[in-house]
Amino acid sequence: MSEDDLQQATLELALRLGDDALVLGQRLSEWVSNAPYLEEDIACANVALDFIGRARMYYGYAAELAADGRCEDDFAYLRSEREFHNYLILELPRGDFAFTQVRQLLVDLYNSGFLAQLCRSRDATLAAIAAKAMKETRYHLRRSREWVVRLGDGTEESKRRTQQALEELWGYTHELFEPDTLEQQLAQAGIGVDTRMLKAHWQQELEALAREAGLHLPQNDWAVRGGRTGYHTENLGHLLMELQSIHRAYPGCQW
Amino acid sequence: MADSQLELFEVFIRSKRGLDHKHVGSLHAQDHAQALEYARDCYTRRSEGVSIWVVKSSDICASQEEDSECFFDPSDDKPYRLAGYYRLPDPVDNM
Amino acid sequence: MQGDANDRELEHSFLRRIGEEQKIEPKDWMPEAYRQSLLRQISQHAHSEVIGMQPEGNYLTRAPSLRRKAVLLAKVQDEAGHGLYLYSAAETLGTPRSEMIAALQSGAAKYASIFNYPAQTWGDVGAIGWLVDGAAIVNQVSLQRTSYGPYARGMVRICKEESFHQRQGYEIMLMLAQGSAAQRRMAQDSLNRFYWPALMMFGPTDSASAHSARAMQWKIKRETNDELRQKFIDQTVPQIEFLGLQHPDPEICWNAERNHYDHGEIDWDEFYAVINGNGHCNRQRLAHHIRAHRAGAWVRDAVAAHQQKLAQRTAAAT
Ligand SMILES: [Fe+2]
Ligand SMILES: [Fe+2]
């Protein structure tokens, strides 16, 4: 890859990671004033804030690489469903509290592997963002782990809901570990992460945790993919409609 | 069914190294581990702390107001325990 | 008989403490009416913080820039924190939070009526931060000197956090006022709708206030409704001027003799109408709170059950 191509690919990666963070942050922010008790409203807001902050860092870097006058908000507010390249698992509606915590667990566990690698990127900006995000993720993971154990090992109802969430989310996890050509090239260039390498450890950790929580990992192998190519579930359109509504209603305004 | 109420914890925070932990409030949590995390989320959103203690509120044993006379009044008549009680000669103005 | 004499003595030393500006602390003897009055005020204050998350929370998913989204999220989160500090202060009086929440949901306990007004536009998010938090701050600064220790300490903590709330609101207004014609109209409209309700936040005029006199005597309240309202009116005039917006009160006029602004009459009929359930959002706010609380019941049960299991396992192992 030429330096130019590499830069273009890095820009695309930064946007993907920004989309991941923004979409999940958006979903998490929906819990504020809806959590099971006040302490959780506050805790969920903290995690949401981390992801919004992360989105801003990735988009900010994308803007720097694009160097065409676009800023973070142009990426967040003026691209449509097909142009967003986040993983599908992140755009699913927040569901109940078990669904949210199981999704967090699957994603936090993935992120902790991913960020640990990205910290070593030879792209200094990505490495710096990853180092900061890694600290946040360590805390997120601690929370989601504990919640999944608590809910799995709580009442009959909480166990049922948690197991069900796991079943509903499982098919969306496969694409996390299926890098496309661009991501593989970036990994080879020492900039990105080859996510195929993350799966074994992810699965292992998850199995141990499921045992502790009295849950079982789904054995069936249905899989839905497409996030990285902009082939989304119907949920993303609604999410973006809401997220972008005010910004788009007043084109060209400052806020 | 009665609403499940989590346990009440008191939160103490050391705002920076070298200072004491100070009581800042309380919160509800399942256990000590979760109370620590919530204390982090609820009471240190603006970098107010470098260390946190949590204590079950029910584990605190407090002195009672009816005891305050016999607890605290007796030390009121011992001013000689305070430096200000002693007048230093002018030439020795600092000790 | 002896009990009565003892009570009188306790009451006497309680009043002496209040007179000497000493704080009353949780374990101190206090008249039952003082405890009840505190519990009513602190829990109402806590409920207001929590219900107050809703109007702005309604914009978390729509904030028009990422920076605004982060700021608003932090702000609404702070309000949850304030609710927590205040429930925590109220719990020192011996009433568990679950009881206070039940009282809120049954309608027995109130929350600030201002949150029954709808946040209709993004401008309202600005107006709420600027005017609603602004009015709350005037009140809360005064309450930092309230006679009950845990409440006063909670207020100190809250006041530290509040000033960012008002500033971010004013900054939103400033951007709108300096923006496009449509943004300017949005700012003026939000100011018009929130100005008067913000004045009503200080409560009825002193002559009509049911709880005021007693609360002043016990130093639960430190300044009267009208004094606080006047402070707010005075400080807001130059802020509106700087925005270049029109003042919603046509009668606003500097009175050099009083050293205060004279102002138009507040529509108290509207005030009582909203308090009595006729605001746009009274039902919606409570329904939202009840829905979220019910939806969380199985989670709270799971936490309790998990804790019990852990305890049993520990017991079995020893
Ligand atoms: Fe507040
Ligand atoms: Fe506030």
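The values are calculated or read from the model by the stated rules, or taken from the named source; none is laboratory data. Only a predicted model underlies this, so the values are computations on that prediction, with no experimental measurement involved. Note that each Cβ is placed from the backbone with ideal geometry, even for glycine, and that neighbours are counted across all protein chains shown. Heavy atoms of the whole protein, side chains included, go into the accessibility calculation; ligands, DNA and RNA do not. Shrake-Rupley method; radii C 1.70, N 1.55, O 1.52, S 1.80 Å.
Each Lys and Arg adds +1 at its Cβ and each Asp and Glu adds -1 at its Cβ; summed about the Cα centre, the protein assembly as shown shows a dipole of about 740 debye.
Distance distribution P(r), segment C:225-318, all Cα-Cα pairs, bin width 10 angstrom from 0: 12, 21, 18, 15, 12, 11, 7, 2 percent. With the charge dipole of segment A:3-249 set up from +1 on Lys and Arg Cβ and -1 on Asp and Glu Cβ about the Cα centre, the Cα lying farthest toward the positive end among the listed residues A:A63, A:F75, A:L141 is that of A:L141. Remark on segment C:262-298: accessible area falls by at least 20 square angstrom from chain-alone to full-complex state for C:H288, C:A292, C:H293, C:W298, probe 1.4 angstrom.
Quick one: net charge of C:A119's neighbours, Cβ under 12 Å, K/R +1, D/E -1?
Once positives and negatives cancel, what remains is +1.
In this simple spin-label approximation, C:Q235 and C:R283 carry label points 7 Å from Cα along the Cα→Cβ vector, and these lie 3.7 nm apart.
Rounded if a/c is under 1.5, else prolate if a/b is larger than b/c, else oblate: which is segment A:1-143, with a ≥ b ≥ c the root eigenvalues of its Cα gyration tensor?
Note, shape of segment A:1-143 comes out prolate.
Per-residue mean of other chain beta-carbon atoms within 10 angstrom of the beta-carbon, peptide C:118-127? All intermediate terms of the calculation are to be shown ahead of the outcome.
On the way: counts 0, 0, 0, 1, 6, 0, 0, 1, 1, 0.
That average works out to 1.
Sorting B:C61, C:C253 on solvent-accessible area from highest to lowest, probe radius 1.4 Å, gives B:C61, C:C253.
Between the beta carbons of C:Q312 and C:K27, assuming R0 = 35 Å, the FRET efficiency works out to 0.55 to the nearest 0.05.
Along its principal axes, segment A:101-171 has C-alpha extents of 48, 24, 11 angstrom, given from the largest down. The heavy atoms of B:F9 present about 0 square angstrom of accessible area, all protein chains included, probe 1.4 Å. Evaluated over the Cα positions of the protein assembly as shown, the convex hull gives a direction-averaged projected area, one quarter of its surface, of 40.2 nm². Counted by Cβ distance under 15 Å from B:H21, the other residues give a net charge of +2, where Lys and Arg count +1 and Asp and Glu count -1. Taking only the alpha carbons of chain B, we obtain Rg and Dmax values of 21.0, 77 Å in that order. Summarised in one figure, the compactness ratio Rg/Rh of segment C:79-128, Cα atoms and Kirkwood Rh, is 1.09. For peptide C:145-154, the mean count of partner chain Cβ atoms within 10 Å of a residue's Cβ comes to 1.
How much of the accessible area of segment C:149-304, probe 1.4 Å, is carbon plus sulfur, in whole percent?
52
For peptide A:4-11, the mean count of partner chain Cβ atoms within 10 Å of a residue's Cβ comes to 0. Rg and Dmax of segment C:243-286, both derived from C-alpha coordinates alone, stand at 15.7, 45 Å. Estimated at 0.36 nm per residue, the fully extended path between A:N235 and A:E205 surpasses their Cα-Cα distance by 7.9 nm.
Each part gets one Cα centre, and for segment A:184-216 versus segment C:212-241 those centres are 59 Å apart.
Tell me the net charge near A:G227. Cut-off is 15 Å between Cβ atoms, A:G227 excluded, with +1 for each Lys or Arg and -1 for each Asp or Glu. Mind showing how you got there, number by number?
On the way: positive: A:R16, A:R27, A:R79, A:R82, A:R103, A:R225, A:R228; negative: A:E12, A:D19, A:D20, A:E81, A:E83, A:E91, A:E175, A:E178, A:D180, A:E183, A:E234.
Taking every Cβ under 15 Å from that of A:G227, the sum is -4.
For chain C, give the magnitude of the charge dipole about the Cα centre (Cβ charges: +1 Lys/Arg, -1 Asp/Glu; no others), in debye to the nearest 20.
Details: 36 positive and 36 negative charges, 310 e Å.
Magnitude of the dipole: close to 1480 debye.
Largest first, the residues C:M175, A:M1, C:M100, A:M241 sort by 1.4 Å accessible area into A:M241, A:M1, C:M175, C:M100. Look at the dipole of the protein assembly as shown built from charges on Cβ: of B:T44, B:P74, C:Y151, the Cα furthest out on the positive end belongs to B:T44. In the assembled protein chains, C:S106 presents an accessible area of approximately 90 Å² (probe radius 1.4 Å).
When the accessible areas of A alone and C alone are added and the area of the pair subtracted, with a 1.4 Å probe, the result is around 4000 Å², both sides summed. Here segment A:13-54 is assigned +1 on the Cβ of each Lys and Arg and -1 on the Cβ of each Asp and Glu. Its dipole about the Cα centre then comes out at about 200 debye. Taking the square roots of five times each eigenvalue of the Cα gyration tensor of chain C, the equivalent ellipsoid has semi-axes of 36, 29, 17 Å, listed largest first. The figure for A:R79 is an accessible area of roughly 20 square angstrom, using a 1.4 Å probe on the protein chains alone.
Of the heavy-atom accessible surface of segment A:3-249 (probe 1.4 angstrom), what whole percent is carbon and sulfur? Don't jump to the answer; show the numbers that get you there.
On the way: 4740 of 9450 Å².
Here it works out to 50 percent.
Against the empirical 2.2 N^0.38 Å (N residues), segment A:3-249 has a Cα radius of gyration ratio of 0.98. Residue ranking by accessible heavy-atom surface, 1.4 Å probe, largest first, among C:D4, B:D90, A:D19 comes out as B:D90, C:D4, A:D19.
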